[in-house]
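Take this structure first; my questions come after.
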Amino acid sequence: MPTLTAEDVLRKAREYNVKFIRLQFTDIFGVLKNIAITVEELPRALEGRVMFDSSVIEGFVQNRESDIYLLPDPATFVIFPWRPREGAVARLICDVLTPQGEPYGACSRAALKRVLARAKEMGLEFRVGAQIEFFLFHTDAQGKPTVITHDRAGYCDLTPVDLGENARRDMVLTLQEMGLDVSSSHHEIAPGQHEIFLKEDDALTVADSIATFKFVVRTIAQRHGLHASFMPRPLACCNGSGMHLHLFLWRDGENAFYDPAGEHQLSELAYRYIAGLITHAGALTAITNPLVNSYKRLVPTDLAPVLAAWSEENRSTMIRVPAQRQEGTRVVLRSPDPTANPYLALAASLAAGLDGIERGLVPGVPLSENHAPVRELIRRIGLPRNLADALRALAGDAVIQNALGQKITARFLEAKEDEWERYQARVHQWELDEYLTNF
(Lines give C-alpha, C1' and ligand atoms only; values in the text may rest on other atoms or scores of the structure.)
Protein backbone atom coordinates (compact mmCIF):
# COMPACT_ATOMS: atom_id res chain seq x y z
CA MET A 1 0.00 0.00 0.00
CA PRO A 2 1.25 3.56 -0.68
CA THR A 3 2.67 5.56 2.20
CA LEU A 4 0.17 8.29 3.09
CA THR A 5 0.15 11.01 5.72
CA ALA A 6 -2.84 12.32 7.64
CA GLU A 7 -2.86 15.33 5.30
CA ASP A 8 -2.94 12.97 2.29
CA VAL A 9 -5.95 11.17 3.76
CA LEU A 10 -7.86 14.42 4.28
CA ARG A 11 -7.05 15.51 0.73
CA LYS A 12 -8.13 12.19 -0.80
CA ALA A 13 -11.33 12.20 1.23
CA ARG A 14 -12.21 15.59 -0.26
CA GLU A 15 -11.06 14.62 -3.76
CA TYR A 16 -13.17 11.43 -3.87
CA ASN A 17 -16.20 12.92 -2.10
CA VAL A 18 -15.95 10.50 0.83
CA LYS A 19 -18.86 10.86 3.25
CA PHE A 20 -18.26 7.98 5.69
CA ILE A 21 -15.10 6.36 7.04
CA ARG A 22 -15.01 2.99 8.75
CA LEU A 23 -12.37 2.86 11.45
CA GLN A 24 -11.47 -0.84 11.37
CA PHE A 25 -9.66 -2.92 13.99
CA THR A 26 -9.33 -6.60 14.80
CA ASP A 27 -10.37 -8.12 18.11
CA ILE A 28 -8.32 -10.73 19.95
CA PHE A 29 -10.07 -13.56 18.09
CA GLY A 30 -9.38 -12.19 14.61
CA VAL A 31 -12.84 -10.73 13.96
CA LEU A 32 -12.73 -7.47 12.01
CA LYS A 33 -14.71 -4.71 13.73
CA ASN A 34 -15.41 -1.11 12.81
CA ILE A 35 -16.82 2.19 13.96
CA ALA A 36 -18.30 4.39 11.23
CA ILE A 37 -17.71 8.13 11.39
CA THR A 38 -18.68 10.97 9.08
CA VAL A 39 -16.02 12.78 7.08
CA GLU A 40 -16.43 15.80 9.35
CA GLU A 41 -15.03 13.69 12.20
CA LEU A 42 -12.02 12.53 10.16
CA PRO A 43 -9.52 15.18 11.40
CA ARG A 44 -10.32 14.30 15.02
CA ALA A 45 -10.05 10.57 14.24
CA LEU A 46 -6.64 10.97 12.61
CA GLU A 47 -5.41 12.55 15.84
CA GLY A 48 -6.47 9.42 17.75
CA ARG A 49 -9.34 11.10 19.59
CA VAL A 50 -12.13 8.60 18.83
CA MET A 51 -12.88 6.78 22.07
CA PHE A 52 -14.62 3.43 22.55
CA ASP A 53 -15.13 0.62 25.06
CA SER A 54 -12.47 -2.08 25.51
CA SER A 55 -15.02 -4.91 25.47
CA VAL A 56 -15.28 -4.59 21.70
CA ILE A 57 -11.66 -5.69 21.25
CA GLU A 58 -11.37 -8.09 24.18
CA GLY A 59 -14.57 -9.97 23.32
CA PHE A 60 -15.88 -9.75 26.91
CA VAL A 61 -18.42 -7.50 28.54
CA GLN A 62 -17.41 -7.30 32.19
CA ASN A 63 -18.30 -5.18 35.21
CA ARG A 64 -15.36 -2.87 34.60
CA GLU A 65 -14.19 -1.85 31.16
CA SER A 66 -11.42 0.44 29.98
CA ASP A 67 -11.63 3.38 27.63
CA ILE A 68 -9.67 2.84 24.42
CA TYR A 69 -8.75 5.15 21.57
CA LEU A 70 -8.47 4.32 17.89
CA LEU A 71 -5.43 5.68 16.04
CA PRO A 72 -5.82 5.20 12.26
CA ASP A 73 -2.82 4.21 10.15
CA PRO A 74 -2.96 6.66 7.20
CA ALA A 75 -1.22 4.12 4.94
CA THR A 76 -4.31 1.89 5.13
CA PHE A 77 -6.75 4.45 3.69
CA VAL A 78 -8.80 2.79 0.94
CA ILE A 79 -12.13 3.61 -0.68
CA PHE A 80 -14.54 0.68 -0.95
CA PRO A 81 -14.91 0.07 -4.70
CA TRP A 82 -18.32 -1.61 -4.39
CA ARG A 83 -19.96 1.43 -2.79
CA PRO A 84 -21.33 4.44 -4.78
CA ARG A 85 -18.73 6.97 -5.89
CA GLU A 86 -21.05 9.79 -4.93
CA GLY A 87 -20.92 9.85 -1.15
CA ALA A 88 -18.16 7.24 -1.08
CA VAL A 89 -17.21 5.05 1.89
CA ALA A 90 -13.57 4.56 2.89
CA ARG A 91 -11.75 2.66 5.59
CA LEU A 92 -8.73 3.12 7.85
CA ILE A 93 -7.16 0.31 9.89
CA CYS A 94 -6.46 1.42 13.44
CA ASP A 95 -4.10 0.72 16.29
CA VAL A 96 -5.73 0.68 19.71
CA LEU A 97 -4.31 2.95 22.42
CA THR A 98 -4.84 3.61 26.12
CA PRO A 99 -5.93 7.09 27.28
CA GLN A 100 -2.22 7.70 27.99
CA GLY A 101 -1.37 7.10 24.33
CA GLU A 102 0.33 3.73 24.90
CA PRO A 103 -0.50 0.57 22.87
CA TYR A 104 -3.46 -1.16 24.49
CA GLY A 105 -2.58 -4.60 25.86
CA ALA A 106 -5.33 -6.35 23.88
CA CYS A 107 -4.37 -4.79 20.51
CA SER A 108 -3.16 -7.66 18.33
CA ARG A 109 -1.72 -5.24 15.74
CA ALA A 110 0.48 -3.81 18.49
CA ALA A 111 1.60 -7.33 19.46
CA LEU A 112 2.84 -7.94 15.91
CA LYS A 113 4.59 -4.58 15.88
CA ARG A 114 6.47 -5.48 19.08
CA VAL A 115 7.85 -8.72 17.63
CA LEU A 116 8.71 -7.01 14.35
CA ALA A 117 10.67 -4.40 16.30
CA ARG A 118 12.60 -7.17 18.00
CA ALA A 119 13.46 -8.72 14.63
CA LYS A 120 14.58 -5.32 13.37
CA GLU A 121 16.94 -5.00 16.34
CA MET A 122 18.50 -8.29 15.16
CA GLY A 123 18.91 -6.80 11.67
CA LEU A 124 16.09 -8.88 10.20
CA GLU A 125 13.07 -7.97 8.08
CA PHE A 126 10.09 -10.34 8.20
CA ARG A 127 8.15 -10.71 4.94
CA VAL A 128 5.16 -12.95 4.30
CA GLY A 129 2.97 -14.29 1.51
CA ALA A 130 -0.35 -16.05 2.14
CA GLN A 131 -2.35 -18.74 0.33
CA ILE A 132 -5.87 -18.51 1.70
CA GLU A 133 -8.57 -21.12 1.06
CA PHE A 134 -12.32 -20.80 1.52
CA PHE A 135 -15.63 -22.35 0.46
CA LEU A 136 -18.48 -20.77 -1.46
CA PHE A 137 -21.91 -22.07 -0.41
CA HIS A 138 -25.49 -21.37 -1.38
CA THR A 139 -27.79 -19.55 1.03
CA ASP A 140 -31.34 -20.63 1.84
CA ALA A 141 -34.57 -18.70 1.22
CA GLN A 142 -33.99 -16.63 4.36
CA GLY A 143 -30.44 -15.78 3.27
CA LYS A 144 -28.81 -18.04 5.86
CA PRO A 145 -25.72 -20.02 4.79
CA THR A 146 -26.02 -23.70 3.92
CA VAL A 147 -23.30 -26.28 3.24
CA ILE A 148 -24.61 -26.87 -0.28
CA THR A 149 -21.84 -26.13 -2.73
CA HIS A 150 -22.45 -24.36 -5.97
CA ASP A 151 -20.27 -26.63 -8.17
CA ARG A 152 -18.71 -30.09 -8.47
CA ALA A 153 -15.33 -28.88 -9.70
CA GLY A 154 -11.91 -30.06 -8.54
CA TYR A 155 -8.33 -28.84 -8.45
CA CYS A 156 -7.74 -26.01 -10.95
CA ASP A 157 -10.90 -26.80 -12.93
CA LEU A 158 -12.44 -23.98 -14.93
CA THR A 159 -15.76 -22.85 -16.38
CA PRO A 160 -18.28 -24.41 -16.96
CA VAL A 161 -17.38 -26.87 -14.19
CA ASP A 162 -16.10 -24.14 -11.83
CA LEU A 163 -19.28 -22.14 -11.25
CA GLY A 164 -17.47 -19.88 -8.78
CA GLU A 165 -15.07 -18.48 -11.35
CA ASN A 166 -17.01 -15.24 -11.86
CA ALA A 167 -17.28 -14.58 -8.13
CA ARG A 168 -13.58 -15.36 -7.64
CA ARG A 169 -12.64 -13.06 -10.50
CA ASP A 170 -14.62 -10.21 -8.96
CA MET A 171 -12.93 -10.89 -5.61
CA VAL A 172 -9.48 -10.65 -7.17
CA LEU A 173 -10.33 -7.46 -9.08
CA THR A 174 -11.76 -5.86 -5.94
CA LEU A 175 -8.74 -6.86 -3.86
CA GLN A 176 -6.42 -5.38 -6.46
CA GLU A 177 -8.46 -2.18 -6.63
CA MET A 178 -8.02 -1.90 -2.86
CA GLY A 179 -4.24 -2.16 -3.18
CA LEU A 180 -3.70 -5.85 -2.36
CA ASP A 181 -1.15 -7.64 -4.54
CA VAL A 182 -2.70 -10.93 -5.74
CA SER A 183 -0.37 -13.55 -7.18
CA SER A 184 -2.88 -16.15 -8.38
CA SER A 185 -6.28 -17.74 -7.80
CA HIS A 186 -7.81 -21.10 -8.63
CA HIS A 187 -10.40 -23.69 -7.71
CA GLU A 188 -9.21 -26.00 -4.94
CA ILE A 189 -9.61 -29.77 -4.53
CA ALA A 190 -13.02 -29.86 -2.83
CA PRO A 191 -16.25 -28.84 -4.59
CA GLY A 192 -16.98 -25.18 -3.91
CA GLN A 193 -13.47 -24.59 -2.52
CA HIS A 194 -11.21 -21.80 -3.75
CA GLU A 195 -7.78 -20.31 -3.11
CA ILE A 196 -6.36 -16.83 -3.59
CA PHE A 197 -2.63 -16.20 -3.13
CA LEU A 198 -1.46 -12.85 -1.72
CA LYS A 199 2.08 -11.94 -2.77
CA GLU A 200 4.95 -11.47 -0.37
CA ASP A 201 5.11 -8.13 1.45
CA ASP A 202 6.20 -6.82 4.83
CA ALA A 203 4.46 -8.69 7.65
CA LEU A 204 2.33 -5.83 9.00
CA THR A 205 0.99 -5.03 5.54
CA VAL A 206 0.17 -8.71 4.96
CA ALA A 207 -1.61 -9.01 8.30
CA ASP A 208 -3.70 -5.95 7.36
CA SER A 209 -4.26 -7.50 3.93
CA ILE A 210 -5.47 -10.83 5.34
CA ALA A 211 -7.96 -9.04 7.60
CA THR A 212 -9.14 -7.03 4.58
CA PHE A 213 -9.14 -10.13 2.37
CA LYS A 214 -11.68 -12.01 4.49
CA PHE A 215 -13.97 -8.97 4.65
CA VAL A 216 -13.80 -8.41 0.87
CA VAL A 217 -14.28 -12.09 -0.06
CA ARG A 218 -17.40 -12.38 2.07
CA THR A 219 -18.77 -9.08 0.75
CA ILE A 220 -18.29 -9.99 -2.92
CA ALA A 221 -19.65 -13.52 -2.36
CA GLN A 222 -22.80 -12.01 -0.88
CA ARG A 223 -23.20 -9.81 -3.96
CA HIS A 224 -23.15 -13.02 -6.03
CA GLY A 225 -25.82 -14.61 -3.83
CA LEU A 226 -23.27 -16.89 -2.14
CA HIS A 227 -21.80 -17.30 1.34
CA ALA A 228 -18.01 -17.42 1.69
CA SER A 229 -16.91 -19.54 4.64
CA PHE A 230 -13.43 -19.64 6.14
CA MET A 231 -14.47 -22.41 8.55
CA PRO A 232 -11.52 -24.85 8.64
CA ARG A 233 -13.57 -27.94 7.78
CA PRO A 234 -17.24 -27.35 7.04
CA LEU A 235 -17.70 -30.65 5.14
CA ALA A 236 -16.73 -34.00 6.67
CA CYS A 237 -16.37 -35.57 3.24
CA CYS A 238 -13.87 -33.03 1.87
CA ASN A 239 -10.53 -31.43 2.59
CA GLY A 240 -10.53 -28.47 4.92
CA SER A 241 -9.33 -24.93 4.23
CA GLY A 242 -5.85 -23.80 5.20
CA MET A 243 -3.92 -20.54 5.23
CA HIS A 244 -0.38 -21.38 4.17
CA LEU A 245 2.02 -18.68 5.32
CA HIS A 246 5.15 -18.19 3.19
CA LEU A 247 7.74 -16.82 5.61
CA PHE A 248 10.86 -14.91 4.51
CA LEU A 249 13.64 -13.29 6.53
CA TRP A 250 15.80 -10.66 4.86
CA ARG A 251 19.03 -9.10 6.11
CA ASP A 252 20.86 -6.21 4.40
CA GLY A 253 18.76 -6.62 1.26
CA GLU A 254 19.46 -10.35 0.89
CA ASN A 255 17.43 -13.46 1.66
CA ALA A 256 18.73 -14.65 5.04
CA PHE A 257 17.37 -18.18 4.54
CA TYR A 258 19.56 -18.80 1.46
CA ASP A 259 23.11 -20.08 1.55
CA PRO A 260 24.47 -21.61 -1.68
CA ALA A 261 27.09 -23.50 0.35
CA GLY A 262 24.66 -24.79 2.98
CA GLU A 263 23.00 -28.18 3.12
CA HIS A 264 19.92 -28.02 0.87
CA GLN A 265 21.24 -24.48 0.11
CA LEU A 266 19.71 -23.31 3.37
CA SER A 267 21.49 -21.05 5.82
CA GLU A 268 22.18 -21.88 9.45
CA LEU A 269 19.68 -19.13 10.31
CA ALA A 270 17.01 -20.93 8.27
CA TYR A 271 17.58 -24.18 10.16
CA ARG A 272 17.42 -22.39 13.49
CA TYR A 273 14.20 -20.61 12.46
CA ILE A 274 12.62 -23.93 11.42
CA ALA A 275 13.70 -25.48 14.72
CA GLY A 276 12.07 -22.63 16.62
CA LEU A 277 8.76 -23.22 14.85
CA ILE A 278 8.92 -26.94 15.63
CA THR A 279 9.92 -26.38 19.27
CA HIS A 280 6.92 -24.09 19.85
CA ALA A 281 4.55 -26.01 17.55
CA GLY A 282 2.03 -26.83 20.27
CA ALA A 283 1.52 -23.28 21.53
CA LEU A 284 1.75 -21.90 18.00
CA THR A 285 -1.08 -24.22 16.94
CA ALA A 286 -3.38 -22.75 19.59
CA ILE A 287 -3.01 -19.38 17.84
CA THR A 288 -2.95 -20.52 14.21
CA ASN A 289 -5.78 -23.05 14.65
CA PRO A 290 -8.06 -21.38 17.20
CA LEU A 291 -11.40 -23.20 16.81
CA VAL A 292 -12.74 -26.56 17.92
CA ASN A 293 -13.38 -27.18 14.23
CA SER A 294 -9.75 -26.39 13.33
CA TYR A 295 -8.75 -29.85 14.54
CA LYS A 296 -11.25 -31.57 12.26
CA ARG A 297 -8.91 -30.40 9.47
CA LEU A 298 -5.74 -31.60 11.23
CA VAL A 299 -6.43 -35.32 10.82
CA PRO A 300 -4.13 -38.04 9.44
CA THR A 301 -4.69 -37.82 5.68
CA ASP A 302 -2.19 -37.51 2.83
CA LEU A 303 -2.45 -33.71 2.60
CA ALA A 304 -3.17 -32.57 6.17
CA PRO A 305 -0.20 -30.97 7.99
CA VAL A 306 -0.34 -32.95 11.24
CA LEU A 307 3.34 -33.40 12.19
CA ALA A 308 5.65 -31.03 14.08
CA ALA A 309 8.40 -31.59 11.55
CA TRP A 310 9.76 -30.17 8.30
CA SER A 311 10.23 -31.47 4.79
CA GLU A 312 10.93 -30.39 1.24
CA GLU A 313 8.23 -32.62 -0.24
CA ASN A 314 6.21 -34.38 2.46
CA ARG A 315 2.89 -32.59 2.98
CA SER A 316 2.10 -34.24 6.33
CA THR A 317 4.54 -31.84 8.01
CA MET A 318 3.61 -28.43 9.39
CA ILE A 319 6.60 -26.90 7.57
CA ARG A 320 7.62 -27.30 3.96
CA VAL A 321 10.61 -25.72 2.24
CA PRO A 322 9.81 -25.35 -1.48
CA ALA A 323 12.50 -26.05 -4.08
CA GLN A 324 12.94 -22.40 -5.11
CA ARG A 325 16.17 -20.86 -3.83
CA GLN A 326 18.05 -17.54 -3.90
CA GLU A 327 15.54 -14.69 -3.43
CA GLY A 328 12.65 -17.16 -3.34
CA THR A 329 13.99 -19.21 -0.42
CA ARG A 330 11.24 -19.44 2.16
CA VAL A 331 9.68 -21.51 4.89
CA VAL A 332 6.02 -22.39 4.35
CA LEU A 333 4.01 -22.85 7.53
CA ARG A 334 1.18 -25.06 6.29
CA SER A 335 -0.73 -25.78 9.50
CA PRO A 336 -2.60 -22.46 10.06
CA ASP A 337 -6.20 -22.08 8.98
CA PRO A 338 -7.93 -18.87 7.85
CA THR A 339 -9.85 -18.34 11.10
CA ALA A 340 -6.61 -17.36 12.84
CA ASN A 341 -6.06 -13.76 13.88
CA PRO A 342 -3.43 -12.81 11.24
CA TYR A 343 -1.60 -10.39 13.54
CA LEU A 344 -1.25 -12.95 16.33
CA ALA A 345 -0.41 -15.81 13.92
CA LEU A 346 2.46 -13.82 12.39
CA ALA A 347 3.63 -12.48 15.78
CA ALA A 348 3.73 -16.00 17.26
CA SER A 349 5.42 -17.61 14.26
CA LEU A 350 8.07 -14.88 14.14
CA ALA A 351 8.67 -15.08 17.90
CA ALA A 352 9.07 -18.87 17.67
CA GLY A 353 11.56 -18.55 14.82
CA LEU A 354 13.55 -15.80 16.54
CA ASP A 355 13.76 -17.97 19.67
CA GLY A 356 15.22 -20.75 17.53
CA ILE A 357 17.77 -18.32 16.08
CA GLU A 358 18.81 -16.89 19.44
CA ARG A 359 19.12 -20.29 21.13
CA GLY A 360 20.81 -21.99 18.17
CA LEU A 361 18.19 -24.73 17.94
CA VAL A 362 18.58 -27.57 15.43
CA PRO A 363 15.50 -29.00 13.62
CA GLY A 364 16.81 -32.45 12.76
CA VAL A 365 16.67 -34.04 9.33
CA PRO A 366 13.73 -33.35 7.01
CA LEU A 367 11.01 -35.98 6.98
CA SER A 368 11.23 -38.08 3.83
CA GLU A 369 8.40 -39.56 1.82
CA ASN A 370 9.42 -43.03 3.02
CA HIS A 371 8.46 -42.66 6.64
CA ALA A 372 6.52 -44.61 9.23
CA PRO A 373 2.71 -44.53 8.98
CA VAL A 374 1.29 -41.08 9.77
CA ARG A 375 -0.74 -42.37 12.72
CA GLU A 376 2.42 -43.75 14.31
CA LEU A 377 4.30 -40.48 13.73
CA ILE A 378 1.45 -38.47 15.21
CA ARG A 379 1.93 -40.29 18.51
CA ARG A 380 5.58 -39.16 18.57
CA ILE A 381 5.73 -35.80 16.78
CA GLY A 382 2.11 -34.88 16.08
CA LEU A 383 0.56 -31.44 16.46
CA PRO A 384 -2.13 -31.10 19.15
CA ARG A 385 -5.14 -33.27 18.29
CA ASN A 386 -7.72 -30.89 19.72
CA LEU A 387 -8.14 -27.36 21.02
CA ALA A 388 -7.71 -28.40 24.67
CA ASP A 389 -4.27 -29.92 23.96
CA ALA A 390 -3.20 -26.79 22.10
CA LEU A 391 -4.36 -24.51 24.90
CA ARG A 392 -2.38 -26.54 27.44
CA ALA A 393 0.71 -26.07 25.28
CA LEU A 394 0.10 -22.33 25.06
CA ALA A 395 -0.40 -22.09 28.84
CA GLY A 396 3.10 -23.56 29.30
CA ASP A 397 4.98 -21.63 26.60
CA ALA A 398 6.57 -18.41 27.87
CA VAL A 399 7.98 -17.43 24.47
CA ILE A 400 4.62 -17.39 22.68
CA GLN A 401 2.90 -15.81 25.68
CA ASN A 402 5.48 -13.03 25.70
CA ALA A 403 4.87 -12.42 21.99
CA LEU A 404 1.13 -12.06 22.58
CA GLY A 405 1.41 -10.08 25.78
CA GLN A 406 -0.18 -10.82 29.15
CA LYS A 407 -3.64 -9.39 28.42
CA ILE A 408 -4.10 -11.14 25.07
CA THR A 409 -2.82 -14.43 26.48
CA ALA A 410 -5.16 -14.32 29.48
CA ARG A 411 -8.24 -13.31 27.48
CA PHE A 412 -7.50 -15.80 24.70
CA LEU A 413 -7.02 -18.73 27.08
CA GLU A 414 -10.11 -17.81 29.09
CA ALA A 415 -12.37 -17.57 26.04
CA LYS A 416 -11.01 -20.63 24.27
CA GLU A 417 -11.13 -22.84 27.36
CA ASP A 418 -14.78 -21.84 27.72
CA GLU A 419 -15.35 -22.67 24.05
CA TRP A 420 -13.85 -26.12 24.57
CA GLU A 421 -15.97 -26.80 27.67
CA ARG A 422 -19.14 -25.77 25.84
CA TYR A 423 -18.23 -28.17 23.03
CA GLN A 424 -17.46 -30.97 25.48
CA ALA A 425 -20.81 -30.52 27.19
CA ARG A 426 -22.78 -31.08 23.99
CA VAL A 427 -23.89 -34.50 22.76
CA HIS A 428 -23.20 -34.69 19.02
CA GLN A 429 -25.05 -36.63 16.36
CA TRP A 430 -22.05 -38.87 15.72
CA GLU A 431 -22.20 -40.10 19.32
CA LEU A 432 -25.88 -40.92 19.03
CA ASP A 433 -25.33 -42.76 15.75
CA GLU A 434 -22.35 -44.67 17.15
CA TYR A 435 -23.50 -45.52 20.67
CA LEU A 436 -27.24 -45.12 21.31
CA THR A 437 -28.30 -48.50 19.90
CA ASN A 438 -25.38 -50.57 21.18
CA PHE A 439 -24.96 -49.27 24.72
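The values are calculated or read from the model by the stated rules, or taken from the named source; none is laboratory data. Computed from a predicted structure; not experimentally measured. Methodologically, a virtual Cβ is constructed for each residue, glycine included, from the backbone with ideal geometry; neighbour enumeration extends over all protein chains shown. Accessible surface areas use protein heavy atoms only, side chains included; no ligands, DNA or RNA. Shrake-Rupley method; radii C 1.70, N 1.55, O 1.52, S 1.80 Å.
Carbon and sulfur: what percent of the stretch 120-249's accessible surface (1.4 Å probe)? Write out the running numbers ahead of the final one.
Details: 2700 of 5340 Å².
Here it works out to 50 percent.
About the Cα centre of the chain, what is the dipole size in debye to 20, counting +1 per Lys and Arg Cβ and -1 per Asp and Glu Cβ, all else neutral? Write out the running numbers ahead of the final one.
Working: 47 positive and 56 negative charges, 102 e Å.
About 480 debye.
If you roll a 1.4 angstrom probe over the protein chains with everything in place, what fraction of the accessible area of the stretch 299-439 belongs to carbon and sulfur, to the nearest %? Intermediate results must be reported in sequence, preceding the final value.
On the way: 3300 of 7030 Å².
Answer for the stretch 299-439 is 47 percent, counting heavy atoms of protein chains only.
Moving on. So what is the calculated 222 nm ellipticity per residue for the chain, using -39500 (n - 2.57) for each DSSP H run with n of 4 or more, over all residues, to the nearest 500 deg cm²/dmol? Numbers along the way, then the final one.
Working: 15 runs with 160 residues, N = 439.
Helix-only estimate at 222 nm: -11000 deg cm²/dmol.
I need to check one value: relative contact order of the stretch 275-362, counting alpha carbon pairs closer than 8 Å and at least 6 residues apart, in percent.
34
May I ask what percent, to the nearest 5, of DSSP beta bridges between residues of the stretch 198-346 are antiparallel?
Numbers: 8 of 11 bridges.
Roughly 75 percent of the beta bridges in the stretch 198-346 run antiparallel, per DSSP.
Report the one residue of Leu307, Ser185, Ala111 whose Cα lies farthest in the direction of the positive end of the charge dipole of the chain (charges on C-beta: Lys and Arg +1, Asp and Glu -1; origin at the Cα centre).
Ala111
Which entries in Lys19/Lys120; Lys12/Lys214; Lys12/Lys144; Lys33/Lys296; Lys144/Lys199 show an alpha-carbon gap greater than 31 Å? The partial results should precede the final answer.
On the way: Lys19/Lys120 38 Å; Lys12/Lys214 25 Å; Lys12/Lys144 37 Å; Lys33/Lys296 27 Å; Lys144/Lys199 33 Å.
Checking Cα-Cα distances, Lys19/Lys120; Lys12/Lys144; Lys144/Lys199 exceed 31 Å.
When ranked by the protection proxy of mean other Cβ atoms within 10 Å per residue, highest first, what sequence do the peptides 373-381, 34-42 form?
Numbers: 373-381: 13.2, 34-42: 15.6.
Going from most to least packed, we get 34-42, 373-381.
Same structure again: With every protein chain present, what is the per residue accessible area of the chain (1.4 Å probe, Å²)? Please report the intermediate quantities before stating the final value.
Numbers: 19770 Å² over 439 residues.
That works out to 45 Å² per residue.
Could I ask something else about it? Provide the gained length on full extension for the span Arg392 to Glu421, in nm with one decimal, where the gain is 0.36 nm per separating residue minus the Cα-Cα distance.
Values: separation 29, 0.36 × 29 = 10.44 nm, distance 1.36 nm.
Extra length available between Arg392 and Glu421 comes to 9.1 nm.
Oh, and also: Among Ile378, Phe134, Val50, whose Cα sits farthest toward the positive end of the charge dipole of the chain (+1 at Cβ of Lys/Arg, -1 at Cβ of Asp/Glu, about the Cα centre)?
Of the options given, the answer is Val50.
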